[in-house]
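Here the structure comes first, spelled out in structure tokens, and everything after it is commentary.
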Amino acid sequence: MTIVVTGASGKLGTAIRDAAAERDIETIACSRSLDGSIEPAELERHLEERTPAAVIDVSVPERTHEVIDACVATKTPLVIGTTGFAVEASERFDRASEQIPLLKASNFARGVHALETLVREAVGLLESYDIELTETHHNRKRDAPSGTAKSLLETIEAERELDDRVFGREGHQPRSDGNIGVHVRRAGSIHGEHEILLAGNDEALTITHRAESRRVFAAGALDSARWLADRPAGRYAFSEVVAEQ
């Protein structure tokens, strides 16, 4: 099995290539800064010539749109792990998925999939409890809140029918009914930590996921690429990968 990794010189791209080597999966690196890799401008030609099973994109949003074009042109399955897109990007993913199998995930950790399930259930059971979300990542993380935090917020809002996010607090800012507090921390080399706090009725419940290594994300991305490779065109989710493996 051969997979192209775009954004291959980044920390997650490197972790994916290392994990692939352990699984005897051949990877083709696509990066402007990695020696021996193919240039992004040449991606479409290489997809046409080498016909990889899938592309895993962990680059940056502006580069991802170029990757989508190349995959659509060559009918190559695409796994997107890049985060930080504008809201309207989802429509672009939907249009592409009409022509190729496309899986977009903000997080490839199986534990985060379980976290979302637990949060959905807890938020539904504790309807009157206040909710706060805190996420922590390394000091080079670009987008805030993280893609995972946004997914968790969407899960909470869908369950509670809320839409009032409060990002941090300063000065005189008492909590209002329906608020979801959102707190973002960036420090050191932390791989990713997400905590949901539900408090009320003289008690507090916290649900936390902490990634110990990027290897967990790399493993999930490779599992997704293998799972997606033989699928028909359509928009897929990492939850489907977890459910079948």
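A few comments on the model shown:
- Using a cutoff of 8 angstrom between alpha carbon atoms and counting only pairs six or more residues apart, the relative contact order for the chain works out to 23 percent.
- For ARG165, the amide hydrogen comes within under 5 Å of the amide hydrogens of ILE180, counting only partners 5 or more places away or on other chains and with H modelled in the peptide plane.
- Ratio of Rg to Rh for segment 103-162: 0.99 [Cα atoms; Kirkwood radius as inverse mean 1/r over pairs].
- Dipole check for segment 1-113: with +1 at the C-beta of Lys and Arg, -1 at the C-beta of Asp and Glu, and the Cα centre as origin, the magnitude is about 320 Debye.
- Cα-centred dipole magnitude for the chain, charges only on beta-carbon of K, R (+1) and D, E (-1), debye, nearest 20: 760
- Inter-probe distance in nm under a simple model that places probes 7 Å from Cα toward Cβ, at ALA229 and ARG210: 3.6
- For segment 168-245 versus segment 1-45, the gap between their alpha-carbon centres in whole angstrom: 25
- Counting only Cα atoms, the size of segment 110-210 along its three principal axes is 37, 37, 24 Å, in decreasing order.
- Residue-by-residue Karplus 3J(HN,Hα) for segment 84-92, coefficients 6.51, -1.76, 1.60, Hz, glycine and proline x: x, 6, 5, 4, 5, 4, 4, 5, 5
- In the chain, a dipole from Cβ-located charges (positive for Lys and Arg, negative for Asp and Glu) runs towards its positive end, and of ASN201, LEU152, GLY178 it is LEU152 whose Cα lies farthest in that direction.
- For segment 74-113, the fraction of alpha-carbon pairs lying more than 17 Å apart is 35 percent, rounded to a whole number.
- Protection proxy ranking of 147-153, 229-235 - average other beta-carbon atoms within 10 Å, highest first: 147-153, 229-235
- Applying both filters, DSSP loop and at most 13 other Cβ atoms within 10 Å, to the GluC sites (Glu not before Pro) of segment 140-171 gives GLU161, GLU170.
- Quarter of Cα convex hull surface for the chain, i.e. mean projection, nm²: 14.2
- Cα Rg, Dmax (largest Cα-Cα span) when computed across segment 7-51, Å: 10.7, 29
- Centre separation in Å (Cα based) which lies between segment 115-148 and segment 59-94: 25
- Paramagnetic reach from GLU62 in segment 86-105 [backbone N under 14 Å; point 7 Å along Cα→Cβ]: 86
- Computed across segment 22-137, the Kirkwood hydrodynamic radius from all distinct Cα-Cα pairs reaches 16.6 Å.
Quick note: the coordinates plus some simple rules give every number you see, no bench work behind them. In this text the structure is predicted, and so the values were computed from the model without any measurement. Using ideal geometry, Cβ is built from the backbone for each residue, glycine included, and neighbour counts are taken over all protein chains shown.
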